[in-house]
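Student: My questions all concern the structure below.
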Amino acid sequence: MKLNIRYYAILREQAGKSAESLDSDATTPAALFEQLQARYPFTLNASQLKVAVNTEFRAWNTPLKDGDSVVFIPPVAGG
Amino acid sequence: MSAPVFTFSTVALDSNDLRRQLADPASGGFCAFEGWVRNNNEGHDVTRLEYEAFAELAIKEGQRIIDEAVKKFGVNRAACVHRVGSLNIGDIAVWVGVSSGHRDEAFKACRYIIDEVKHRVPIWKKEHYVNGDSGWVNCERCAEHAHDHHHGHSHA
């Protein structure tokens, strides 16, 4: 299925892009992140990130559907 | 009561303009917090900052925080504006304002909003240092900081 991924901050720099659409067999954000770790030199691991699906915080085992938008969220630093 | 609001700005914040939106005939107290860009962090000399946000989710989460503060402390009005883009030393990075019947709830709601924004809203800060290096705060040394929610990057 097709997944739309957006990258922010340190993940954007390490992926070398802000967004991409991928054909993936990952059924959860956890599985998707594992696939992306093999592709990009991410220094953060999943335990340090949160995940959003379709612009809402979701659990790592949330089932993904075709066309979902996924964002992995590094530790925040507003303020 | 007007709708509480969490917003982003790509231009410099003017606290006089911002406080006017919280004027309310039922309010006898106003409290604001401004986070300023500081020239040092954890022993490094900082020259400027860049803020980046996942805007769609950040606005939702920021609005939830403001709604929580209004409900929890019973204040009349509350707002928070966060900068994105490149900021220089001394610039206002974040502004929080609350107006309420009395001072106590204004102080408490203001504190609640800034603390929750720092912990929950998807905003990232990249520091640029005097020596030419740069780094994403809380991300480059995450092994040390990932689970320390009280780790201080306060501008206060």
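Student: Can you tell me which residues in region B:38-63 are part of a loop (DSSP other than H, G, I, E, B) and away from chain A (no Cβ under 14 Å)?
Tutor: B:39, B:43 - these are the residues of region B:38-63 that are part of a loop (DSSP other than H, G, I, E, B) and away from chain A (no Cβ under 14 Å).
Student: To continue, here is another question. If we only count strands (runs of 3 or more DSSP E) wholly inside chain A, which ones have 2 or more residues that are in contact with a Gly (Cβ under 8 Å, 6 or more places away or on another chain)?
Tutor: Ranges flagged: A:2-6.
Student: Quick one: which of A:3, A:22 is more than 14 Å from chain B (Cβ to nearest Cβ), touching a helix residue (DSSP H, G or I) at 6+ places or on another chain (Cβ under 9 Å) and in contact (Cβ under 8 Å) with a residue 40 or more places away in the chain?
Tutor: Answer to the selection: A:3.
Student: Separate question: Which one is modelled with the lowest pLDDT, of the residues in region B:130-146 that are of a type in the set (Asp, Glu) and exposed (fewer than 11 other Cβ atoms within 10 Å of the Cβ)?
Tutor: So, considering only residues that are of a type in the set (Asp, Glu) and exposed (fewer than 11 other Cβ atoms within 10 Å of the Cβ), the one modelled with the lowest pLDDT is B:144.
Student: Under the condition of being within 19 Å of residue B:19 (Cβ to Cβ) and in contact with a Cys (Cβ under 9 Å, 6 or more places away or on another chain), which residue from region B:109-129 is surrounded by the fewest Cβ atoms within 10 Å (Cβ to Cβ)?
Tutor: B:111
Student: Still on this structure, please answer the following. Which condition from (1) within 14 Å of chain B (Cβ to nearest Cβ); (2) crowded, with 17+ Cβ neighbours inside 10 Å; (3) free of Cβ contacts under 8 Å to residues at least 40 places away in the same chain is the one that residue A:74 breaks?
Tutor: (3)
Student: Consider only pairs whose beta carbons are under 7 Å apart and that are at least six residues apart or on different chains; among these, list those whose first residue lies in region B:121-138 and is without any contact (Cβ under 8 Å) to a residue 24 or more places away in the chain and whose second residue is hydrophobic (A, V, I, L, M, F, W, C).
Tutor: Every condition considered, the pairs that remain are B:136/A:9; B:136/A:10; B:136/B:124; B:138/A:77.
Student: Looking at region B:13-31, is at least one residue assigned to a strand (DSSP E or B), surrounded by fewer than 17 Cβ atoms within 10 Å (Cβ to Cβ) and within 14 Å of chain A (Cβ to nearest Cβ)?
Tutor: No - not one qualifying residue is present in region B:13-31.
Student: Considering (1) modelled with pLDDT of 95 or more; (2) touching a strand residue (DSSP E or B) at 6+ places or on another chain (Cβ under 9 Å); (3) not aliphatic (A, V, I, L, M), say which one residue B:119 fails and leave the rest.
Tutor: (2)
Student: Identify, by number, the condition in (1) more than 24 Å from residue A:10 (Cβ to Cβ); (2) in contact (Cβ under 8 Å) with a residue 24 or more places away in the chain that residue B:89 doesn't meet.
Tutor: Unmet condition: (1).
The values are calculated or read from the model by the stated rules, or taken from the named source; none is laboratory data. As the structure is a prediction and not an experimental result, all values here were calculated from the model. Don't worry about glycine lacking a Cβ; one is built from the backbone with ideal geometry, like all the others, and counts go over all protein chains shown.
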